[in-house]
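A short write-up of the structure that comes next.
Quick note: the coordinates plus some simple rules give every number you see, no bench work behind them. Keep in mind the model is a prediction, meaning the values are calculated, not measured. Cβ sites come from the backbone with ideal geometry, for glycine too, and all protein chains shown count toward neighbours.
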Amino acid sequence: MVQFDTALPRPSALSIPEAARRFLLSVYKRMAFAVLLSFASATVFTASGLTLTALQGLGKTLVLLTFFAQMGVIIAFQASVFRLSQGTVRALFGAYSVLMGFTLSVLGYVYPASTLGLVFLIAAGGFLSLVITGSVIKRDLGPVGTFCSMGLGMLFLLSLVGVAGSFFPAFAQYLPELNFVSGALGTVAFAGYTAYDAQRIRGIAYALGNDRSGGGVSSLDVHTNSAAFSMYLNFMGLFLSLLRLFGRK
């Protein structure tokens, strides 16, 4: 996930300035728009036949290429969010959302639409409850974030092994178990990190709302893009993990 300064004061449950409220609203609106863009892109890719054509032409190689393309955009976003113009950063955010949409369109050939819809509703409800919990809880969730970061690192390695292993027939028998373990680990890790991120972002909102240094709109936009992208990754990660865990192919 995207990281920035977390050494900020944490407010009580209700004492948050209006400027901070606007910041949080911007973060979650931008994150929600990216989620909608991903699912809209998935619909377009599927309806146009582009996904099926790509699957028929590239097969399993398509999964590998998509995986590394997503990792590349995440790395580029994290490296540039505080250096490049925010227009460029928003373009990277949009590009990743569309790329995730392509991944979702591939999953449409693996899971029935009813399963995708049900898991989405479960992920949305769980995400909302985790954001609320992280935003109002007074206990420092920093240790939870650290623990879940390690879990996400392990999840990345398991995903890499799963993608690479799918090219070897002898490894295919272990893929269902690996998929289940990855789903369980991802659900727990993304759930904990979502609550931690919500608390961290609320602390940033409070600090920005009380900032008198004149950081300006540019600084506000930087933090908005960074926080929205982080929360977008949390939600999509939770959705995909739940799909692995409970989705019937």
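Karplus-derived 3J(HN,Hα) values for the stretch 115-128, using 6.51 cos²θ - 1.76 cosθ + 1.60 with θ = phi - 60°, are 5, 4, x, 5, 5, 4, 5, 5, 5, 5, x, x, 4, 4 Hz; glycine and proline are entered as x.
Each of LEU245, LEU220, LEU130 was scored by the projection of its Cα onto the charge dipole of the stretch 18-246, and the greatest displacement toward the positive side belongs to LEU220; charges sit on the C-beta of Lys, Arg, Asp and Glu.
By the beta-carbon count within 10 Å of each Cβ, the least crowded to most crowded order of LEU233, LEU160, fewest first, is LEU160, LEU233. Have a look at VAL163, THR146, LEU107 and report the one farthest towards the positive end of the charge dipole of the stretch 18-246, computed about the Cα centre with Cβ charges (Lys/Arg +1, Asp/Glu -1). Of the candidates, THR146 comes out farthest on the positive side. Dipole magnitude for the chain: about 260 debye, using +1 per Lys or Arg Cβ and -1 per Asp or Glu Cβ, origin at the Cα centre. In terms of its Cα atoms, the stretch 114-213 spans 61, 30, 24 Å along the principal axes, sorted from long to short.
Only alpha carbons enter this Debye calculation for the chain, each as an equal point scatterer, and the log10 of I(q)/I(0) it gives at q = 0.15, 0.18 Å⁻¹ is -1.09, -1.50.
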